[in-house]
Structure formats: C-alpha cells, structure tokens
Amino acid sequence: MAARGARGARGRLRRAGPSAGARGTGGSGGSGSRSRPVARRGSVGRAGDMSALWSLCAGLLLLLLWVRHRGLEAVLVHHRWVFVCLFLLPLSILFDVYYQLRAWAVRRLHSAPRLHAQRVRHIQGQVREWKNEGSKRYMCTGRPGWLTVSLRVGKYKKVHKNIMINLMDVLEVDSERRVVRVEPLVTMGQLTAYLNPMGWTIPVVPELDDLTVGGLIMGTGIESSSHIYGLFQHTCVAYELVLADGSLVRCSPTENSDLFYAVPWSCGTLGFLVAAEIKMIPAKKYVKIHYKPVRGLQNICEKFTEESKKKENNFVEGLVYSLDEAVIMTGVLTDEAEQSKINRIGNYYKPWFFKHVEKYLKADRTGIEYIPSRHYYHRHTRSIFWELQDIIPFGNNPVFRYLFGWMVPPKISLLKLTQGEAIRKLYEQHHVVQDMLVPMKSLEKSIQTFHVDLNVYPLWLCPFILPNNPGMVHPKGNETELYVDIGAYGEPKRKQFEARASMRQMEKFVRSVHGFQMLYADCYMTREEFWDMFDGSLYHKLREQMNCKDAFPEVYDKICKAARH
C-alpha cells in the first residue's frame, strides 16, 4: 500500500503538470504587438497537439497490424506484457482508487458497524430463500471466481446457488482486548493501512495486498512471523458464520469450539463467514533486517532451522536461489533506526525485493537495513513475489521502475479475468504456483525433492509453528511442531516436466512426511489421498450434524482437479 500511496502522489503531480504549463503560457498574453506572437504560439501548440495525436494513431495502427499479423492469441501468450502494460496496469489503478475511496468514505461516515447487521440479515434471507426453493443446488459465495487471488479457475459458481456477500469493512478496534473485528473481504493492505496509524498491527500479515481475511481463514495464510504465532488462523479468536439453515452463530475456543477448529481450511463448505475477530499487537516503525548469504544445502537447512527456533527473531525468511545458495533473513521490530541504513523498499522506484536480496548473495556479504514496517509486510507485493518477471520481463529495469513503477503490480484478479483459455492451459502445463507445508526436520529432503521434480527458483522458505489443535491440519504427534512453507512460483526447468505427473509425485512426497498442500493451488490427489493428507474426522462430523451435505459441496469436490474434470 505504500507503493500505492506513491502511485497516487505521482499521479497527482502528473495531472498538475499540463495545467500549470497552460497557465504559464496564458499568463504572457497582453495587448497590441504582443497578441500576434501569442497567437503564433497557440498555432504551434495546436500543431504539436495534432502531431502527437497523429503519432498516437499511427502507433496504435502499427500495434493492431502487428497483432493481426502475429494473431491475438500468440500476442497474449508470448507478448503478454503488451496487453498488461497498455490496459491492465491503468485498470488496476482505477480499481485501487475506487476501493481506497470507498474505504475512506466508510470510515468517515462510521457506516460499517451500523450496516453490518443489515447485510448479514440479507445473507440469511438468501439462504432461507434457497431452502424455500427446495435446496436443489449447492450454495457458494456469489463473488466472481476471477476476483480471488487463487490462480485456480472454479467452475462450480456457474451451477451452484450464488449467495451475494458484500462484506468488506473493518468493524471495530478493541484496544482493551487487543482484538480487531473485520468482515471477510477486508484485505491485508486495507487492514494494515487502517491499524498502523493507530499504533496496531496483526501478528501474521500474509504478503500480498489483495489477500482477504476470509480467504486466509477458509484457506490458509502465513508470514515470516509465523514461527512465533502460527498460521493466520491461529491468530483469530472468533468467527461468525451463517449456517445452512440460515442461522447466525459465533464460535471461539470456548463457544461452539468444534466449529471454531473445523472452519479453517474448509473453503466455505461449513457455512458463510460474515465476521472474524483477530488478535492485535503493538506496531513499531521499522523492521531491522539482517541479510545472511549461506552456501551448501546442509548449511542452509541448519542455519534456517536455528534462526526459526529463536523467539527473539520477530521475522524469519529464506530465499533459495539454487540448490546450494540462499539468503536467510531475520528481522526485529524497532522504533529506532540508523538513518543511513533506512531502505523504503516499498517505494515504486525501488528494485524488487527478491532482486535486492540477491545482491547480498552475489556480493557474498551480510548486511543490515531498517525497512518501514508496512513496506516490510508487503515487500513482495510489487513483484507478486517473482511472478511479475514472467509477465513483464523488463519490469525491474530502473527506467521502467522510475517511469511506470507507480502503476505496478497489475491486479491478480484482472490477470485471471483476461488470461483466456490459451494462457490458462499454458500456465497449467508450464508454470507452477504451489506452497507445500512440511515438518522442519524434513527441510533438506524436501528441497532436494523440489529440485528434482520441479527445479524452480527462487524458492520461498517461511517457518511456522503448528499447534496440536483439532481440525484438518495438525502435527502427527500430540505436541506442537515446527514446520516450514516451501513456496515454488515460476516455470519449472526440469526436462520433460508434465504438470499432473510431477505434481502427483510432489503430493505423494508431502504426504509421506506428514505435510500439507495449500488448497489455493492445483491439487491432483484422489479423494482417498486427499483425506490421507488431511484429518477429516471433525470436518465430516460437523457436516453431518449441521446438515451441510445438501447445502455445500465437500471441500475435496470444490478444490481438487480430479473432482472438477
């Protein structure tokens, strides 16, 4: 969001420029002999405008001829940056402006808490209407599939009963309880922008601006502070849901506790989330971050495990650039900073974070920086981790950053909406976006498996503590265990890579070490394999008790490719 702020400021400056220039020219006007030179300058200006217009038309004509020659599909697949830069970046700005103005208006008018109950009653009314119609179809949220951050294309919305849920506001900040109550469509960028000026933040702030609270609860969320606080769901203290019978229920560890522990990872198949209460912690101005290059796979795993066990580290993260090269980063929250070492990495003209980190590896040196806390929380947003380099290959070039960086990144939702079937199939067969959660003790073996089956770099390493709570995801034993998220995003370099076969091999390995696959990504498991990976005992018990079987599809049928094709 800091980049967004810079984007807005730069936009205002650009708009101010031409009008200021016009006023300066007009101010030189007068009477008598001065009138003719002014008229001539006006004619020259009009001629210049016409020349610029003709140049623009000629450029567009050449672009259209090139598209016609190459074919629209070929251009969209192999030169997607043309479409992204000309159309999606400006459209993404308009989306941002709209949602920021809406959030500002809601906050100024204090309308969110007052209208929340009314909106929830509307949702309950839609569910009761579904019952009166005979409960003939499954229900799902009416939010279009392209608006979700997941790259998966869900076809179920075309055949299920769509329940419209327009809940996207922060409802209440309770400083005494240190809890913020929010609606499910509140985004991470929106929430940190709301809380930070008050001196608060949430313990786990998943990376991308557009990730929603509802998606992070019903799916999952993680951040480099998760080695202390766990997954996003472990920072939540209560949920409010509209159930299949239209009733509204609140659940917490002490109130309807079975439902509270079953909701995470259920992907909206137990009820409609309408509010959540999340823990808050005091915010500080900066993150003091320490960069340490490490070489040798065994050394990487040992150092990463060691740092992940230290509670004095507020943040731990690793970027693996090859099988035996990585940079391990540790961070500490602070209000004090050495001015010469402050790096406002979120500014639009700054290098992409993963490229900035790579410099320490190439120079083989350690380093310390102070990054403003909101810049740190959203450090991978501008480059969508490193996915944007495949969409705009020159996106990290200094010239592009300074001229157009304020427009980056394009909305993931718009990328999905405009990708078309050809690009979707290309991505499915030649692109990987996966997060696998494995026990820390299996890290070295896991990285070797990722290298053999995928050979995608960088890999993202993020440690988290997994408590032995009831629900779909918990350690194999009876005690809390340290896990790590290995994120693979990009084009596999493995020869003869085949998406289905390779991912089934990966899923088999993850099951063998008692790990878990994040459900936002493509999943190729059979139903039996899926429920071997996840604990469905509590989930299926509640589905039976709350009459969900006729109201919502099973989570496997909703997310797995084997069930959808």
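The values are calculated or read from the model by the stated rules, or taken from the named source; none is laboratory data. Being a predicted model, the structure only gives us computed values, none of them experimental. Positions of Cβ are generated from backbone atoms using ideal geometry, with glycine treated the same way; all protein chains shown enter the neighbour counts. For the accessible areas, the whole protein counts, side chains as well, though only heavy atoms, and no ligand, DNA or RNA atoms are used. Shrake-Rupley method; radii C 1.70, N 1.55, O 1.52, S 1.80 Å.
Rounded, prolate or oblate for the range 349-401? Axes are the square roots of the Cα gyration tensor eigenvalues, ordered a ≥ b ≥ c, and the cut-off for rounded is a/c under 1.5.
Judged from the Cα gyration tensor, the range 349-401 comes out oblate (a/c at least 1.5, b/c at or above a/b).
Arrange the residues Leu109, Leu415, Leu248 by how much accessible surface each exposes, largest first, with a 1.4 angstrom probe.
Sorted descending by solvent-accessible area, the residues read Leu109, Leu248, Leu415.
Could you name the aspartates and glutamates in cross-link range of Lys411, using Cα to Cα under 13 Å and dropping any fewer than eight places away on the same chain?
Once the sequence-local aspartates and glutamates are set aside, what remains near Lys411 is Asp96, Asp209, Asp210, Glu387.
Among Gln434, Pro463, Ala551, flag the residue with its Cα farthest along the positive direction of the charge dipole of the range 411-565, charges on Cβ as +1 for Lys/Arg and -1 for Asp/Glu.
Gln434
Output the pairs from Lys158/Lys425; Lys155/Lys558; Lys362/Lys495; Lys311/Lys341; Lys136/Lys158; Lys157/Lys416 with a Cα-Cα distance over 18 Å in this structure; if there are none, say none.
The pairs that break the limit, which is 18 Å between Cα atoms, are Lys158/Lys425; Lys362/Lys495; Lys311/Lys341.
Which order, highest average first, do 490-497, 457-464, 166-173 follow once you tally other Cβ atoms within 10 Å for each residue and take the mean per peptide?
457-464, 166-173, 490-497
Using only the Cα atoms of the range 177-250, build the gyration tensor, take square roots of its eigenvalues as a ≥ b ≥ c, and label the shape rounded, prolate or oblate: rounded if a/c is under 1.5, else prolate if a/b is larger than b/c, else oblate.
It is prolate, given that a/c is not under 1.5 and a/b is the larger ratio.
Need one number: nm distance between label points at Leu86 and Trp54, each 7 Å from Cα along Cα→Cβ, rounded to one decimal.
2.2
Beyond 16 Å, how much of the Cα-Cα pair distribution for the range 241-325 remains, as a whole percent?
Summing the P(r) of the range 241-325 above 16 Å gives 69 percent of all pairs.
For the range 315-396, which GluC sites (Glu not before Pro) pass both filters: DSSP loop (anything but H, G, I, E, B) and at most 11 other C-beta atoms within 10 Å?
When the GluC sites (Glu not before Pro) of the range 315-396 are filtered for loop state and at most 11 Cβ neighbours within 10 Å, Glu336, Glu338 remain.
Using a ≥ b ≥ c from the Cα gyration tensor of the range 187-316 (square roots of the eigenvalues), is it rounded, prolate or oblate, where a/c under 1.5 gives rounded and otherwise the larger of a/b and b/c decides, a/b for prolate?
Verdict is prolate for the range 187-316.
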